[in-house]
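The values are calculated or read from the model by the stated rules, or taken from the named source; none is laboratory data. Here the structure is a predicted model, which means the values were calculated and not measured. Using ideal geometry, Cβ is built from the backbone for each residue, glycine included, and neighbour counts are taken over all protein chains shown.
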Amino acid sequence: MKHRRISRWKAVLAGSGATAVLAAAILLPQADAATSPAPTSEAAPRTLGAASAATLADRLVTRLGAADTAGSYYDAGTRRLVVNVLDGTAADTVRAAGAVARTVGNSTAELRSATRTLGAKARVPGTAWAIDPRTDQVVVTADATVSAAGMARLDKAVDALGAGTVRVHRSKGAFKPFAAGGDAIYGSGARCSLGFNVVKDGQPYFLTAGHCGVAFTSWSDSSGGPEIGSVEAATFPGHDYALVKYTDTGVAHPSAVDLYNGSTQAITGAALPAVGQAVQRSGSTTRVHSGTVTGLDATVNYQEGSVSGLIRTDVCAEPGDSGGALFSGSTALGLTSGGSGDCAGGGETFFQPVTDALQVYGADIG
């Protein structure tokens, strides 16, 4: 009986997703770079894995500052990190570190200022925005629910920011949190997906979406079944994460994500991804799907309220996938928050970074 219970719970892990703290196990850029002499300003760009590129990007952007850079992205085809710069001195620094320097017109500071303006003047339900370092613009999406008056308000704010700073497009779907009734973890008629298992103060917990934790305080691994976890803390809107403490000691809680093919992916750490990085998402409705990170620090204006600091992707998701795991290999990246579209026609999905949740809750992947 106990073995059967544990097996069923592993199946629930297929829909994992959450928010977490910077992993101590993040790889240094040298860890999966091609072996070569230390780079100089004349050296060819390094070949890097996605995790190493994200770490190097953070170092360079921190060193150069928001006024001299405009973000970075990972070119998966060449396996190189591209860093946007505004002058030759910054370009030399980037090339010396082994990355590709790309000169652009808008700085990170200017693009962040544009997102603050949008937040103040165009926080229209059904809209979302994120900085896209590949185009050096703020990309704004308006879904099908945005009225003519809402679009007029948005267009007025965008026009005031000047040409070349913001790009607007319409989505056929509607931005919504991906919660539903069904399978996986249940809360009194609603279904979400379990996030990553974590440890806090030596005790087992799991992370899931905040809009799930705000709606229901008790969760089961079967419809109408006994409680296996109780919500200790949850935030939504603003952020979208929740911490659930295991109350059933008979439930297994491995640090792994079920891949729905008879195997699991071990999770050993957490990190922020890089734009351009290939990722996977697992959820209780649509199981495992793959895609790419298309933006960081994104804002989504749901009908229920705004959530900021999200990871934007082109991975599909559907109702019931909320809380599902965004991951890359053994690294936890994010918690499924919501988005638009579906897995038949495609869409875009936003994730609460795992690193944020771990930091806020004082928890560790495990």
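One table, with the values for the structure above:
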| read-out | value |
| --- | --- |
| Residue selected from the range 94-109 under the condition buried (at least 19 other Cβ atoms within 10 Å of the Cβ) and assigned to a helix (DSSP H, G or I), by the criterion modelled with the lowest pLDDT | THR108 |
| Per-region count, the range 64-81, residues free of Cβ contacts under 8 Å to residues at least 60 places away in the same chain and under 21 Å from GLY49 (Cα atoms) | 4 |
| Odd one out for LYS121, checked against (1) crowded, with 23+ Cβ neighbours inside 10 Å; (2) outside the structural domain of THR69 (by TED's automatic domain parsing); (3) without any contact (Cβ under 8 Å) to a residue 40 or more places away in the chain | (1) |
| Qualifying residue in the range 290-310 (condition: surrounded by 19 or more Cβ atoms within 10 Å (Cβ to Cβ), outside any strand (DSSP E or B), modelled with pLDDT of 95 or more and outside the structural domain of VAL61 (by TED's automatic domain parsing)) | no |
| Enumeration of residues in the range 187-224 that are surrounded by 23 or more Cβ atoms within 10 Å (Cβ to Cβ) and at pLDDT below 90 | ARG191, GLY195 |
| Strands (runs of 3 or more DSSP E) wholly inside the range 322-365 containing at least 3 residues that are of a type in the set (Phe, Trp, Tyr) | none |
| One residue from PHE216, PHE236 being of a type in the set (Phe, Trp, Tyr) and touching a Ser or Thr at 6+ places or on another chain (Cβ under 7 Å) | PHE216 |
| Search result, residues across the range 107-135 that are under 20 Å from the mean Cα position of the chain (by Cα), among the hydroxyl-bearing types (Ser, Thr, Tyr) and over 20 Å from ASN84 (Cβ atoms) | THR127 |
| Cβ pairs under 9 Å, 6+ apart, first in the range 228-242 and in the same structural domain as THR299 (by TED's automatic domain parsing), second among the acidic types (Asp, Glu) and assigned to a strand (DSSP E or B) | ALA242/GLU232 |
| Evaluation of SER328 against (1) under 14 Å from the mean Cα position of the chain (by Cα); (2) within 26 Å of PHE216 (Cα to Cα); (3) not β-branched (Val, Ile, Thr) (one fails), failing number | (2) |
| Answer from ALA11, ALA91, ALA23, ALA34 - the residue that is modelled with pLDDT of 55 or more and either small (Gly, Ala, Ser) or in the same structural domain as ALA256 (by TED's automatic domain parsing) (or both) | ALA91 |
| Conditions (1) of a type in the set (S, T, N, Q); (2) crowded, with 18+ Cβ neighbours inside 10 Å; (3) over 21 Å from GLY164 (Cβ atoms): number failed by THR78 | (2) |
| Hey, ALA270 crowded, with 24+ Cβ neighbours inside 10 Å and not charged (D, E, K, R) or not | yes |
| Any hit, the range 163-171, residues being of a type outside the set (A, V, I, L, M) and farther than 27 Å from SER72 by Cβ | yes |
| Matching option when the condition is in contact with an Asp or Glu (Cβ under 7 Å, 6 or more places away or on another chain), buried (at least 24 other Cβ atoms within 10 Å of the Cβ) and among the polar types (S, T, N, Q), among SER322, SER337 | SER337 |
| Counted residues, the range 136-186 - those being closer than 30 Å to SER220 by Cβ and surrounded by fewer than 17 Cβ atoms within 10 Å (Cβ to Cβ) | 2 |
| For GLY276: the one exception among (1) in contact with a Ser or Thr (Cβ under 7 Å, 6 or more places away or on another chain); (2) part of a strand (DSSP E or B); (3) over 16 Å from GLY195 (Cβ atoms) | (2) |
| Set GLY347, GLY334: member being farther than 23 Å from VAL198 by Cβ, in contact with a strand residue (DSSP E or B) (Cβ under 7 Å, 6 or more places away or on another chain) and in contact (Cβ under 8 Å) with a residue 60 or more places away in the chain | GLY347 |
